[in-house]
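Inspection log for the structure reproduced underneath, given as structure tokens.
The values are calculated or read from the model by the stated rules, or taken from the named source; none is laboratory data. In this text, all values refer to a predicted model and were calculated from it rather than measured experimentally. Ideal geometry is used to build each Cβ from the backbone, glycine not excepted, and the neighbour counts take in all protein chains shown. Note: accessible area is taken over every heavy atom of the protein model, side chains too, but ligands, DNA and RNA are not part of it. Shrake-Rupley method; radii C 1.70, N 1.55, O 1.52, S 1.80 Å.
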Amino acid sequence: MKLHITVLPGDGVGPEVTREAVRVLRTAADLYGCEVSFEEHTIGGVAIRECGAPLPEATARACMQSQAVLLGAVGGPEFDSLPAGQRPESGLLALRQALGGYANLRPAIAYGAIADCSPLRPEIIKGADVLIVRELLGGIYFAEPRGFESGSCPSAYNTMRYSEAEIERVAHVAFQQARMRHRKVTSVDKANVLETSQLWRKTVTRIAREYPEINLDHMYVDSCAMRLITHPGSFDVILTENLFGDILSDEAAVISGSLGMLASATIGGKVDLYEPVHGSAPDIAGRGIANPLGAIASAAMLLRHSARLEQAARDIEDAIREVLDAGHRTADLSRGRAKRAVSTAEMGTLVESAVADVTDRRRAYHAV
Ligand code: IPM
Ligand code: MN
């Protein structure tokens with residue numbers, strides 16, 4: 001099998017973490033006889049600097065012609081004063097639209113070995129394993145009209161809009177994911193206030209009839225935000241719209257102990273997109289201390305969804321667990337511990353060799 005991947009390192013820590021994800025991806029794919037080729041392109045702030053646009057034409061074209069896109073991060077403080085449509089983030093939003101993936105899968109897992117990194121008590125996060133399915137192409141992020149209005153009292157406005165079809169397709173993804181997990185979907189909305197949420201709730205309830213084996217409940221987003229912190233173990237799949245999903249997925253990072261741990265996959269479109277949930281982290285960029293595990297776990301998701309190499313994906317996920325169990329931590333996870341924090345590249349190398357070990361061990365076990 002052959003897989004052609006467009007790599008978009010982007011800004012800040014993006015290039016550092018992406019390098020490690022590519023390293024691990026190449027090794028894992030190799031072990032499974034999958035031939036991967038990588039083609040690097042610019043996006044975000046670097047693209048603005050080099051080509052004058054956050055999503056250069058060549059980048060968009062390369063992405064559309066590949067089987068998967070692996071992205072680092074976009075954004076930086078020097079672009080904060082630019083108008084919305086010219087900022088690095090608009091390159092990412094335009095890319096998401098072009099690729100067409102509407103279901104953004106964001107798992108948040110409580111790893112036992114780094115339970116002490118979470119501000120939550122260990123007994124609260126123990127065993128928590130949540131999958132947020134965030135609608136990624138609709139809602140207030142994209143709907144028109146939007147803009148500024150000048151006058152004696154200047155104002156600004158955005159539009160929250162959802163069509164039934166947009167809700168249906170992402171609901172199917174959530175129910176299908178739940179089938180492979182603990183068969184529970186919590187649909188999150190603000191139906192006590194918003195019409196879009198009322199349509200959301202009605203549509204999700206209707207789609208749920210096609211999945212009688214799945215338990216569906218509904219929760220208001222404010223209440224969910226609290227329960228995610230007080231009872232993270234009570235969730236399986238959370239299905240929600242774009243903006244709520246953006247906020248709740250950062251919040252879910254406290255379950256894992258660091259935003260650097262979180263991975264994501266965007267599926268359902270022409271080309272799937274994989275990116276860590278964290279941003280460009282300009283404060284630590286270029287120092288080689290960023291946590292690459294979110295990017296590496298995104299590479300695992302790429303092998304799962306775009307290459308259909310479930311076992312290879314699991315090997316990477318097991319390798320991450322083993323490396324953490326062995327006590328290795330990047331700076332964000334080290335919290336004043338005696339042991340020296342490992343660098344971004346060291347963490348990548350550790351996971352890479354753990355992947356080879358995990359695969360070898362499993363194959364030896366099955367061979368006897
Ligand atoms: C994310 C990010 C993006 C989003 C930004 C960078 C546009 O916060 O992937 O969660 O809001 O979707
Ligand atoms: Mn976000």
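The lone criterion from (1) more than 21 Å from the chain's Cα centre (by Cα); (2) within 17 Å of PRO282 (Cα to Cα) left unmet by GLY33 is number (2). Pairing each residue of the stretch 172-192 that is of a type in the set (Ser, Thr, Tyr) with any residue that is in a loop (DSSP other than H, G, I, E, B), provided the two are 6+ apart or on different chains, yields C-beta distances under 8 Å for THR186/PHE235; THR186/ASP236. The set of residues in the stretch 282-301 being surrounded by fewer than 23 Cβ atoms within 10 Å (Cβ to Cβ) and within 16 Å of ligand 2 (Cβ to nearest atom) consists of PRO282 alone.
The residues of the stretch 182-223 that are outside any loop (DSSP other than H, G, I, E, B), open to solvent by 20 Å² or more (accessible area, probe 1.4 Å), within 22 Å of PRO107 (Cβ to Cβ) and of a type in the set (Asp, Glu) amount to a single one, ASP217.
Of the candidates GLU310, GLU352, the single residue that is within 24 Å of HIS4 (Cα to Cα), touching a Lys or Arg at 6+ places or on another chain (Cβ under 9 Å) and buried (at least 16 other Cβ atoms within 10 Å of the Cβ) is GLU352. Screening ALA113, ALA73, ALA84, ALA68 for residues that are of a type in the set (A, V, I, L, M) and open to solvent by 70 Å² or more (accessible area, probe 1.4 Å) leaves exactly one candidate, ALA84. For the stretch 256-270, state whether one or more residues are over 12 Å from the mean Cα position of the chain (by Cα) and buried (at least 24 other Cβ atoms within 10 Å of the Cβ). Within the stretch 256-270, one or more residues are over 12 Å from the mean Cα position of the chain (by Cα) and buried (at least 24 other Cβ atoms within 10 Å of the Cβ).
Residues in the stretch 11-30 that are in contact (Cβ under 8 Å) with a residue 60 or more places away in the chain and either of a type in the set (Asp, Glu) or open to solvent by 10 Å² or more (accessible area, probe 1.4 Å) (or both): ASP11, GLY12, GLU16, ARG19, GLU20, VAL22, ARG23, THR27.
From the list LEU248, LEU262, LEU239, LEU273, the one residue that fits, being of a type in the set (A, V, I, L, M, F, W, C) and more than 15 Å from ligand 2 (Cβ to nearest atom), is LEU239. Annotation note: of ARG169, ARG134, the sole residue that is more than 16 Å from ligand 1 (Cβ to nearest atom) and surrounded by 15 or more Cβ atoms within 10 Å (Cβ to Cβ) is ARG169.
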